[in-house]
Every structure is written in C-alpha cells, then in structure tokens.
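To start, the structure itself, in structure tokens.
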Amino acid sequence: MALLARRRLPVLSLLLLEAGALRAAAERSSSSSAMEEIATEKEAEESHRQDSVSLLTFILLLTLTILTIWLFKHRRVRFLHETGLAMIYGLIVGVILRYGTPSTSGHDKPFSCSQENRPFTTLLVNVSGKFFEYTLKGEISPGKIHNVEQNDMLRKVTFDPEVFFNILLPPIIFHAGYSLKKRHFFRNLGSILAYAFLGTAVSCFIIGNLMYGVVKLMKLVGQLSDKFYYTDCLLFGAIISATDPVTVLAIFNELHADVDLYALLFGESVLNDAVAIVLSSSIVAYQPTGENTHAFDAAAFFKSVGVFLGIFSGSFMMGAVTGVVTALVTKFTKLHCFPLLETALFFLMSWSTFLLAEACGFTGVVAVLFCGITQAHYTYNNLSVESRSRTKQLFEVLHFLAENFIFSYMGLALFTFQKHIFSPVFIIGAFVAIFLGRAAHIYPLSFLLNLGRRHKISWNFQHMMMFSGLRGAMAFALAIRDTATYSHQMMFSTTLLIVFFTVWIVGGGTTPMLSWLNIRVGVDPDQDPPPTNDSFQVLQGDGPDTERRNRTKQESAWLFRLWYSFDHNYLKPILTHSGPPLTTTLPSWCGLIARCLTSPQVYDNQEQLREEDSDFILNDGDLTVTYGDTTITANGSSGPHTATTSLDGRRTKSSSEEVLERDLGAVDHEITSRGTRLVFPLEDNA
C-alpha cells in the first residue's frame, strides 16, 4: 500500500504541475491579448493625432498664404502670385517633414504570393488565428523594395488622388462657369472654341510626337530603364496641354487689362481644361487589337474619337440638364422665401453634377463647368437677393481655398511623394515641346481666325497668349491620378517641375510683358476697342452708350446670335421669371401650356429682370437712322410697339431689339433723343 501511494504521488504532482502551467499560459495569453488591445488603441490614437496634424499643417499653410497675400497687395507687389506663394510654403513644409521628422514605424516584411498572378484590392491576412485587413497602395519596383516610406507623417500628408477630383476640383471648375463674363465671352465665342478644341488637340499631338522622339533618344543613350510607349507620350501631351493661367488672369483683373485679351485667355483656359481631361480619357481608352497593344490601329483610333465625342457631349448634356432642373425647381417652388434652403439646394445640385457624371462614366469637369454656365444664365435669375449674394461668395471662397490648397500640396509633393523619377533629357525635351506646341497652337489659329474677325487678334495679343500658357491645378491633378507605372511616374515628376517654372517665372513676368507689348491696362470692362476701318462708324449719334451697344451687338459671334433668339423667346420664359410671355411667342393652340409655364411675375413686372454682364445682339443690317421720334431702319426690319419708316419708304414698326435689350440688361426701355443719328457700313454688303 505504501508503495502504491508513493507511485500515485508523482502522477498527482505531474497533474498539478500541468494544471499550473495551463493556468499560467492562460494568464499570459490573457495578458498578451490585453497588451495587444492597448497597443491597438494607442496606434489608433496616434493615427488620429497624425491626421489632425496633417490637416492642421495645410490649414496653417493657407493661413500663412492669406496673410502674405494681404501684405503683397498692401505693398502692391505683383512679381509673385498667391499660388506661387502657396507652392513656396508647401516646399518649405515638405523639406521639414522629409528631413526633420524621424521614422516612426518598423520596416515592413515582404511576403511572396507566387500562386497568384494579379494583385488584390483588399487582402485578409491570418496571423495566429487573427485576421487583419490590408488595402492595395500601389506597385513598388523591385529595386525600391527597401525604400518604402517608413514615416507615418509623410504617409498622412500624401493624399489620395481622388480627393483632388471629387472634393477640390468641383468648386474650382464650377466657379469658372458661374462667374463667366458672358458679354465678352460670347463676343469672342468662335475664337475661344477654336483655341480650346482645335488648339488643344494640335498641342496634344505635337507635344506627344516630340516627346516620343525624346523617349527614343533616351533609349539610345541608355537613360530609359523601363517601357515608355507612344500612347504614354500622347497622354503626357494631353495632360500638359491643360493650361491654367490663374496668375496671369489675376494680374489682368487687378490691372484692368484689355477685356478681349482677358476673355480669350479665360475662355480658352476654362474650356481647355474640359477638353484636356476628355482627351486624356480617350487616349487611355485607345486599345488596339492584336499582339502589340501599343501599335497604331485605325479601328481603335476611331473608337477613341467616338469615346471623346461621346464623353464630351454626354457630360455637356448632363451638366446642362442638372442646371435646367435646378432652374425649374427654384422657379416653380417658393424656395426664395427660405434663402438658406435655397442656397443649400443650389450648392448640393451643383456639386452632385460632378459626382453624377463620374458615376455614369462621363467627365465631371465638363459636366460641372456647363452646369455652372447654365446656373448663371437661368437659375441665378430665380434666386432671392440673399441667395444670389450667398452663392457667389460661397463658390468664390471655395474656389480660392481649393486652388491654394492644391498649389500648397504641389510644393509638399516635391519632397513627400515617393515615386519621383527625374530625367534631365525628358524634362528639357518637355519644355521645348511645350513651347513649340503652344506656338503651333496660337499663331496659325490666330491667323485663320483673323480672316473672319472684325477686331483682329493683334500680334501683341498673340505674343501675350503664347507667353500666358501656364500649367497648374488641372495638369497636376491629371498627372497624379495615375502614378502606377514607370512612365507615369516620370510624367508626374516632370509635370510638377513645369508647373513650378510657369507659375514662378512666367507668372512673375506678366507685368513686365504687358508693358513691353504695349497692351492696354486700366481699361473699363464695358469699354470697347476703338473702331477699325472695316467696322461701322457713327457720324453723329446719341452718345458713346449707343455706339458701344451697336458695335457690341454686331460683333457677337454668329453662333450665339443664332441661339439667342430661341433662348430669349422660349427657354428664358420657361426656366426663369424673365423674357416675353410664352402666350406671345408660342402658337395660339399652345395657350394652355404657355399659361402654365409662364411665371406670373412676367405679367406683373413692367420691366424684365436684368442680367448683369450679358451680351448684346444685332445683325449687320439692323442699323438705324433716328430723327426725332421716327426711326428709319436700314433693312426694313419691323416689330411691334412703335411706328418706323424704312429706307425704301415703306411704313413699318420698330425692331424688337427694345425687348431684347431689356432682357440682356442693356437698357430698361428705349429712349429716343432729338437729333440725327446715322450709322452705316463702309462697305456695300449688297
């Protein structure tokens, strides 16, 4: 029995020891789990702190930029624009973050997944029974596997490119359309469309082909370490063809430079951005069939052309329709009684246009641009006085902050972006190609346009337009959107340097260039250029206002003159509280529809609502001789209200220009003064 008891004792001891070990292991596991939870909470807290610091950094950058802008305006300093200041401050902060902050995370350990032949957007990793989720950040070349950014702060200040497209770009583009100066824009509409569409396409293909030659040279001298296709060169041409002369236009506006030059540059830059982004999308969609996916294929080329036309027209229609819907909502509801709700709806409808177009596969930049133009033309007339002021100021502030934020980030990205590839040959070739592409864009088109313009685009205007081809926010946003491959990383780095150079050097030289080219400054925005030999003369008239009105009307683009009549008689009465009643413009059998769609304010108001900055329309023949209360028209055109006498002696009625002028904001009503006014063409149009 004693022997049996002695034998049982070791077994019992072993069981007790094993139980103690299990208990200790459980306690260690529990303690380890608690420590892991604490560590996770600390990491989340640290990440939140770094997010706050990164946003605070940009807010301080913008604050410092605003204060310096005030100082520059106070001292009348014009050699550096606010966007250049933002870039300089961004560079300084980028240097501090790059070389002044230590690494805060350990080195990542690479794992091999040889069984998979494609990357996954989201990856779940099982670590000792715990699953962790990882997201795809991009491809890393094998040579840079050990140079992955280990500084969490630098990672935080590197934004997702979609932030630029979905948050920062919409207010910039919408403000461009909403603040459009329609009078001078439509007077130069034909030239603006030619520069924006044909000129951008010419510039894209010239730059693309020249850069393809540069790439071939780099391959010969051994400076090309990876693939760089012809389509990549064309894509670079489309990206860098997006001009953004924000610095030049700001100086023009401050100095009151020539209004036609301002309209040409502003109109080109607004539409040029839209064309460049659609053109880049079309080039990306170019996919030839066969083994060589980068060779020329006629079918793929025409498909890309179709993609360009489809995306642009679809985006245009989407933006215009959204603007029309907003105009109808503000017209047929009583939102004007609640200005806050009215402003909020206007803001949301305008911003959603961009996201809706992107979600439908179109281009949000084009959609929101034409939405802004439509809102300014129709919806603005339906808003209350408070909402008009609020919407103008709201988008002006958003535009200012977003633009300066982007330029600050450009300076930051020069040091925080980890995929820079700087090639001296490619950079020098890009500058030469941009210069030649801009020259081929401006001078030949100006020569062709001058063949049909009354007021020619003079040589000093052409030189200034050539000089003003700055690159800015749009080129940067297009370049940073895709930096996955070697060629796109080189294109992004080169684009960044081009933006720096054009904003600092070209923007700073704007004022001396204006003086050197003898371009008028201090010009009243409503003042027209003096008449030339091939325009109309006023021998004795009622004053400068009449002369300006007549000359501006006849110079309006013929495309706008064709569209205006339909817009004035039908669209304006349907979408706004202004214009003639539809009961007078629609056929009699449409009386019920006309009465339903016509706003009661049209009948109540004796004078039409005025448009602040609009164009005036007059065909070449609609010229008059006025004596006393009798008006003699040169072409016998007639209209209701007052009696007139034509040159052939027939008794007619006065032109309906009186109503058109009221709608366009020219005058509240026609005032015929005593005296003789004679306006006639120098050439015989017969």
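The values are calculated or read from the model by the stated rules, or taken from the named source; none is laboratory data. Remember, predicted model here, so these are calculated numbers, not experimental data. Note that each Cβ is placed from the backbone with ideal geometry, even for glycine, and that neighbours are counted across all protein chains shown. In case anyone asks, the SASA skips ligands and DNA or RNA and just uses the protein heavy atoms, side chains included. Shrake-Rupley method; radii C 1.70, N 1.55, O 1.52, S 1.80 Å.
Being in a helix (DSSP H, G or I), surrounded by fewer than 23 Cβ atoms within 10 Å (Cβ to Cβ) and not hydroxyl-bearing (Ser, Thr, Tyr) is not true of Val503. Residues in segment 406-420 that are of a type in the set (A, V, I, L, M) and more than 15 Å from Leu478 (Cβ to Cβ) were compared, and the one that is surrounded by the fewest Cβ atoms within 10 Å (Cβ to Cβ) is Leu414.
When we screen Tyr443, Tyr409 for residues that are within 30 Å of Gln223 (Cα to Cα) and hydroxyl-bearing (Ser, Thr, Tyr), the only hit is Tyr409.
One residue alone among Val325, Val275, Val307 is modelled with pLDDT of 80 or more and under 30 Å from His455 (Cβ atoms), and that residue is Val275. Count of segment 345-382 residues, restricted to those that are outside any helix (DSSP H, G or I) and open to solvent by 10 Å² or more (accessible area, probe 1.4 Å), is 3.
Examine segment 282-303 for a residue that is modelled with pLDDT of 85 or more, open to solvent by less than 70 Å² (accessible area, probe 1.4 Å) and of a type in the set (Ser, Thr, Tyr), and state whether such a residue exists. The answer is yes; a qualifying residue exists. The set of residues from segment 384-405 being open to solvent by 10 Å² or more (accessible area, probe 1.4 Å) and either β-branched (Val, Ile, Thr) or not in a helix (DSSP H, G or I) (or both) comprises Ser384, Val385, Val397. Within segment 41-83, restricting attention to residues that are over 23 Å from Glu403 (Cβ atoms) and of a type in the set (Lys, Arg), the residue that is modelled with the lowest pLDDT is Lys42. Residues in segment 489-499 that are under 22 Å from the mean Cα position of the chain (by Cα) and open to solvent by 10 Å² or more (accessible area, probe 1.4 Å): Leu497 only. Looking across segment 217-245, just one residue is free of Cβ contacts under 8 Å to residues at least 12 places away in the same chain and of a type in the set (Lys, Arg), and that is Lys219.
Residues that are among the hydroxyl-bearing types (Ser, Thr, Tyr) and more than 20 Å from the chain's Cα centre (by Cα) number at least 1 in the following helices (runs of 4 or more DSSP H) confined to segment 226-335: 230-240, 298-332.
Cβ-Cβ contacts under 6 Å between residues 6 or more apart (or on different chains), taken from a first residue in segment 454-465 that is over 14 Å from Val248 (Cα atoms) to a second residue that is outside any helix (DSSP H, G or I), are listed as Arg454/Ser535; His455/Pro529; Asn460/Leu517; Asn460/Ile519. Scanning segment 586-603 for residues that are within 27 Å of His336 (Cα to Cα) and open to solvent by 30 Å² or more (accessible area, probe 1.4 Å) gives Leu592, Ile593, Arg595, Cys596, Leu597, Pro600, Gln601, Tyr603. The C-beta contact set for segment 64-84 (first residue in contact (Cβ under 8 Å) with a residue 40 or more places away in the chain, second residue assigned to a helix (DSSP H, G or I) and among the acidic types (Asp, Glu), distance under 7 angstrom, 6+ apart or interchain) comprises Thr65/Glu82; Thr83/Glu403. From the list Val307, Val329, Val325, the one residue that fits, being without any contact (Cβ under 8 Å) to a residue 40 or more places away in the chain, open to solvent by 10 Å² or more (accessible area, probe 1.4 Å) and farther than 23 Å from Ser179 by Cα, is Val307.
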